[in-house]
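Each remark here refers to the structure printed beneath this line.
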């Protein structure tokens, strides 16, 4: 690490540096972030873009007394480095190491836990109201990107904040919009005029003088005000925010520390809600990240010199198989359209968008809108496929129920990143979708055991005359051969992979391979297991499940989801409804807790979602039964 970074143990140390030293520190921070992300993976481009902004914020504001809330948190690495976590930074996104997102339980400088988009202004406004209620005087700052501003929640909060007129600072980190020099210079000049206390006072005095002129004074004052406002609408890009009740400052160069220091000090001195518009470059200081900002937004380990990813595989990911299959099906069916929420490449829709631009809709970070938009498309005879990560689909739950399923509209929800996601941690694990979707009427839910089954399930989903959810995990498939053509599979029909007499292993989705491996190990131990690929979470294959449960007398369900309301719960409900209480049942899944960050394999091992734990649990069940213990139905799994 560079000389100055080694001296930074708190924001106070940043305040001791000169402007030139801050510039050098910014370079050292970029080197440290690039080196760490190259080793651990993470969000690179967004963090490289906010180095100077973060230093300026911590120079002007005094955390933890003042509160800085980072929207989403993709850009919090610089903040972590200079708030006492420099020596632990090498553990970023590693198990038991630093989180890749703000965590109040990790540092008092992390004012609010984030991980999903467009929440910062709402949280900041809540903190402002609490501050004023308690009679405190500290500053509250929300840092939000232009991408997050596409989320409706951000505008709900802006609207409320503008109405309340409380002291709040919102920093808009704009890393995409290009603003011409003369517009920026003019708006900067008008900003200084409008926000300078002497200007505001003079304007009020002139207005009072005009209104004193007999007969015409009031009219002249109103005309002058209208002319002034019309001129501002023509030349000032921030009028939208001013109409919402904010004082607008900017746009300013987000890589010019002096300019930001001056503007943030000005924002701090003003009363009421203030929006500071900062223009930054995503990936700034590292050419590969600038050239391919989308690729370096979230990336695995990579070679610094070339920017090439180190984690390469010849096996396609589930996301890639989905994308190719959808293109193939769309070539045959012109009514298929695709919808995503600012995740075109992340959800595998890049090729679809290129081939069918008129049938592709990226709505920005607006999951609620995405779902109801799809409902409108479906109501007019189209077949919308909505591709959204499991953890983000949670944000559109009401729309799933009210706008799609209640009306039985044929919308296909492609639930990517379902199950254990890994290094991004609790805000990104897709461990709730089975539970929050299973209770919704009219919805079919399926999960493929491998990538070949995925293409057949997508084909099936598009043939249904009703809503359907197709969930699959993050990462590569199993490397199985793909059938040349996709086909429909019987809805609600499970698949018996192995027949045995001693126990039934009932697995769903990407837990099926672990169940098959467990059966092979058990066979060597003289225990014969039936392995069933459930395929459908809803409707369940009642016939297969009850038949094999009765035949073997023992049943283990396996899923990557919360146990509460999950697949295992559905099986227990089925057995109870069929009066099969004598069956010995254990359910493997995630218990009543939020799962931390770590690699997928490590977390699956820790929470027992692997073949070794299935084998051990099977042996325990057989041993207890042979000892004459009463058969029970119960839950097992991660604590």
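The values are calculated or read from the model by the stated rules, or taken from the named source; none is laboratory data. Computed from a predicted model, the values in this text were never measured in an experiment. Heads up, the Cβs are rebuilt from the backbone with ideal geometry, glycines too, and the neighbour counts pull from every protein chain shown.
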Residue, farthest from residue 533 (Cα to Cα), within the stretch 551-568, restricted to residues that are free of Cβ contacts under 8 Å to residues at least 60 places away in the same chain and surrounded by 21 or more Cβ atoms within 10 Å (Cβ to Cβ): 555
Count - residues of the stretch 62-82 that are under 24 Å from residue 293 (Cα atoms), within 22 Å of the chain's Cα centre (by Cα) and not in a loop (DSSP other than H, G, I, E, B): 6
Residue count, the stretch 339-363 (criterion: in contact with a strand residue (DSSP E or B) (Cβ under 8 Å, 6 or more places away or on another chain) and either at negative phi or modelled with pLDDT of 95 or more (or both)): 17
Residue in the stretch 425-443 that is surrounded by 20 or more Cβ atoms within 10 Å (Cβ to Cβ), closer than 18 Å to residue 383 by Cα and more than 16 Å from the chain's Cα centre (by Cα) present: yes
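So is residue 128 in contact (Cβ under 8 Å) with a residue 12 or more places away in the chain, on the phi > 0 side of the Ramachandran plot and either surrounded by 16 or more Cβ atoms within 10 Å (Cβ to Cβ) or outside the structural domain of residue 279 (by TED's automatic domain parsing) (or both) or not?
No: the conditions fail for residue 128.
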Test: residue 98 is over 22 Å from residue 139 (Cβ atoms), assigned by TED's automatic domain parsing to the domain that holds residue 262 and without any contact (Cβ under 8 Å) to a residue 24 or more places away in the chain: yes
Qualifying residue in the stretch 327-334 (condition: part of a loop (DSSP other than H, G, I, E, B) and assigned by TED's automatic domain parsing to the domain that holds residue 423): yes
Positions within the stretch 254-303 being touching a helix residue (DSSP H, G or I) at 6+ places or on another chain (Cβ under 7 Å), in a strand (DSSP E or B) and in the same structural domain as residue 29 (by TED's automatic domain parsing), in sequence order: 273, 274, 275, 276, 278
Failed condition for residue 511, given (1) outside the structural domain of residue 431 (by TED's automatic domain parsing); (2) touching a helix residue (DSSP H, G or I) at 6+ places or on another chain (Cβ under 6 Å); (3) in contact (Cβ under 8 Å) with a residue 60 or more places away in the chain; (4) surrounded by 24 or more Cβ atoms within 10 Å (Cβ to Cβ): (2)
Which numbered condition residue 107 misses (of (1) within 21 Å of residue 597 (Cβ to Cβ); (2) surrounded by fewer than 24 Cβ atoms within 10 Å (Cβ to Cβ); (3) at pLDDT below 95): (3)
Filtered residues of the stretch 125-147 (kept if in a helix (DSSP H, G or I) and touching a helix residue (DSSP H, G or I) at 6+ places or on another chain (Cβ under 6 Å)): 125
Residue satisfying condition, being out of contact with any helix residue (DSSP H, G or I) (no Cβ under 6 Å at 6 or more places or on another chain) and buried (at least 20 other Cβ atoms within 10 Å of the Cβ), within set 529, 461, 481: 461
Residue satisfying condition, being over 25 Å from residue 309 (Cβ atoms), part of a loop (DSSP other than H, G, I, E, B), touching a residue at least 24 places away in the same chain (Cβ under 8 Å) and out of contact with any strand residue (DSSP E or B) (no Cβ under 9 Å at 6 or more places or on another chain), within set 103, 3, 59, 85: 3
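Name the residue, out of 525, 540, 506, that is in contact (Cβ under 8 Å) with a residue 12 or more places away in the chain, out of contact with any strand residue (DSSP E or B) (no Cβ under 8 Å at 6 or more places or on another chain) and either assigned by TED's automatic domain parsing to the domain that holds residue 420 or closer than 15 Å to residue 578 by Cβ (or both).
Among 525, 540, 506, only 540 is in contact (Cβ under 8 Å) with a residue 12 or more places away in the chain, out of contact with any strand residue (DSSP E or B) (no Cβ under 8 Å at 6 or more places or on another chain) and either assigned by TED's automatic domain parsing to the domain that holds residue 420 or closer than 15 Å to residue 578 by Cβ (or both).
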Options 636, 598; residue that is part of a loop (DSSP other than H, G, I, E, B) and modelled with pLDDT under 95: 636
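The rows are residues; the columns are (1) farther than 30 Å from residue 457 by Cβ; (2) touching a strand residue (DSSP E or B) at 6+ places or on another chain (Cβ under 6 Å).
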site	(1), (2)
251	yes, yes
257	yes, no
264	yes, no
269	yes, no
281	yes, no
288	yes, no
292	yes, no
299	no, no
320	no, no
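Has the stretch 13-34 got any residue that is in contact with a strand residue (DSSP E or B) (Cβ under 7 Å, 6 or more places away or on another chain) and assigned to a helix (DSSP H, G or I)?
For the stretch 13-34, residues in contact with a strand residue (DSSP E or B) (Cβ under 7 Å, 6 or more places away or on another chain) and assigned to a helix (DSSP H, G or I): absent.
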Residue count for the stretch 341-358, restricted to those that are touching a helix residue (DSSP H, G or I) at 6+ places or on another chain (Cβ under 8 Å), surrounded by fewer than 20 Cβ atoms within 10 Å (Cβ to Cβ) and in a helix (DSSP H, G or I): 3
Residue identified as free of Cβ contacts under 8 Å to residues at least 12 places away in the same chain and either surrounded by fewer than 20 Cβ atoms within 10 Å (Cβ to Cβ) or assigned by TED's automatic domain parsing to the domain that holds residue 141 (or both) among 20, 13: 20
Boolean, residue 52 is in contact with a helix residue (DSSP H, G or I) (Cβ under 9 Å, 6 or more places away or on another chain), assigned to a helix (DSSP H, G or I) and buried (at least 24 other Cβ atoms within 10 Å of the Cβ): yes
Candidates 608, 589, filtered to the one that is touching a strand residue (DSSP E or B) at 6+ places or on another chain (Cβ under 8 Å) and either within 14 Å of residue 506 (Cβ to Cβ) or not assigned by TED's automatic domain parsing to the domain that holds residue 530 (or both): 589
Residue 121 in the same structural domain as residue 11 (by TED's automatic domain parsing), part of a strand (DSSP E or B), within 24 Å of the chain's Cα centre (by Cα) and touching a residue at least 12 places away in the same chain (Cβ under 8 Å): no
